[in-house]
Amino acid sequence: MFVPIYDGVPLRFTRSAFITYGLVAACTVIQIALRYWPHQESDIAMMAGFGMIPSVLFGTAVLPEGLVHAPAWLTPFSNILLHASFAHLIGNMLFLWVFGDNVEDAMGHARFLAFFFLCGLGGSLAHALVYPDSEQPLVGASGAISGVIAAYLMLYPRVRIWGLAFKWIPVHVPAVYTLGGWIVFQAASAWFDPQGNIGWWAHLGGLATGAALTPLFIRRGVTLFGRRAAQP
């Protein structure tokens, strides 16, 4: 429904958001490697081996013998760097590129990296708890990026974002409307798509984790909800 393009918020504390750019690069390289580099495992096998399968995570199912895979306990993290298609990758990376740099700036590099993967973990576990018997692998950075969106909305609710509504209509509206509408869409989709064909609950789990962690991870002196810092 909404594709972000540009927000225009300058960095205040860092010269470069290299963690954000590194995550975009890592996800892109992995996607290209899975698609084009010669390997013995098919794309589907890699998704099964390194994506998060709830029933495997909880020990009620096992992977086929001989399949290269990550330990089950690691898959709530490893799935974050995988994507089902280039369209899936591009959609996620656009959100990370536009919003991640300012969240990284507000938190610092190391805390932002931890925040990103903790939000991804929160999203993965939310999906697994809602669909504990699922044998479908969950892949994608959507849960982690949902946490980034929650942080950005808490930090810059009044910032006007350039984007495309319904994929082609240019808009320039405050984050509270665009991202708030995006959150409502995720919640409605989770309600109306109970089969879990898309990881809506991973998105909601990432959002909740991001909202809970943001006040703990931001730098001292950074304010939330567009408030002005107290004058000494």
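Compute the relative contact order of segment 1-110 as a whole-number percentage, counting only Cα pairs closer than 8 Å that sit 6 or more residues apart in sequence.
48
Given only helices, namely DSSP H runs of n ≥ 4 each adding -39500 (n - 2.57), what is the per-residue ellipticity at 222 nm of the chain, to the nearest 500 deg cm²/dmol? If you can, show how the numbers build up before the last one.
Values: 9 runs with 129 residues, N = 232.
The helix contribution divided over the chain gives -18000 deg cm²/dmol.
With a 1.4 Å probe and all protein chains left in place, how much accessible area per residue does the chain have, in Å²?
52
In the full protein assembly as shown, how much of PHE13 is accessible to a 1.4 Å probe, in Å² to the nearest 10?
Roughly 90 Å² of PHE13 is accessible to a 1.4 Å probe.
How do THR214, THR14, THR28 rank by accessible surface area computed with a 1.4 Å probe, from largest to smallest?
Ranked list, largest accessible area first: THR28, THR14, THR214.
Non-local amide H neighbours of ILE161 (under 5 Å, H modeled in plane, Pro and chain starts lacking H): which ones?
Amide H to amide H, under 5 Å and 5 or more residues apart or across chains, ILE161 pairs with VAL173, ALA175.
Do you know the relative contact order of the chain, to the nearest whole percent, from alpha carbon pairs under 8 angstrom that are 6+ apart?
Values: 397 pairs, mean separation 63.2, N = 232.
It comes to 27 percent, rounded to a whole number.
Cα gyration tensor of segment 83-129, axes a ≥ b ≥ c as square roots of the eigenvalues: rounded (a/c below 1.5), prolate (a/b > b/c) or oblate?
oblate
Excluding MET107 itself, calculate the net charge of residues whose Cβ lies under 13 Å from the Cβ of MET107, where each Lys or Arg counts +1 and each Asp or Glu counts -1.
Computed value for this residue: +1.
Cα extents of segment 101-232 along the three principal axes, largest first, in whole Å?
55, 36, 20
Looking only at ALA165, ALA202, ALA151, which one moves most when the chain is put into a Gaussian network model with springs between Cα atoms under 10 Å?
ALA165
Most fluctuating residue of VAL68, VAL139, VAL159 in a GNM of the chain with Cα springs under 10 Å: which is it?
Between VAL68, VAL139, VAL159, it is VAL68 that shows the largest mean-square fluctuation.
Calculate what fraction, in whole %, of the accessible area of segment 1-73 sits on carbon and sulfur atoms when a 1.4 Å probe is rolled over the protein chains. Spell out each step's value before the answer.
Details: 2980 of 4520 Å².
Answer for segment 1-73 is 66 percent, counting heavy atoms of protein chains only.
In whole percent, and with a 1.4 Å probe on the protein chains, what portion of the accessible area of segment 104-172 is carbon and sulfur?
68
Counting only other residues whose beta carbon sits under 14 Å from that of LEU11, what net charge do I get with K and R as +1, D and E as -1?
-1
Highest GNM mean-square fluctuation, the chain, Cα pairs closer than 10 Å: which of ALA128, ALA84, ALA188?
Taking springs between Cα atoms under 10 Å, the residue moving most is ALA188.
Considering the alpha-carbon set of segment 1-64 alone, what are its Rg and its Dmax in angstrom?
My reading of the Cα-based Rg and Dmax gives 18.0, 50 Å.
What shape does the chain take by its C-alpha gyration tensor, where a ≥ b ≥ c are the square roots of the eigenvalues and a/c under 1.5 counts as rounded, a/b above b/c as prolate, and the rest as oblate?
Prolate.
The values are calculated or read from the model by the stated rules, or taken from the named source; none is laboratory data. Note that the coordinates shown come from a computational prediction; the quantities given were computed from them, not determined experimentally. Every residue, glycine among them, receives a Cβ derived from its backbone with ideal geometry; neighbour counts consider all protein chains shown. Surface accessibility is based on the protein's heavy atoms, side chains included, excluding ligands, DNA and RNA. Shrake-Rupley method; radii C 1.70, N 1.55, O 1.52, S 1.80 Å.
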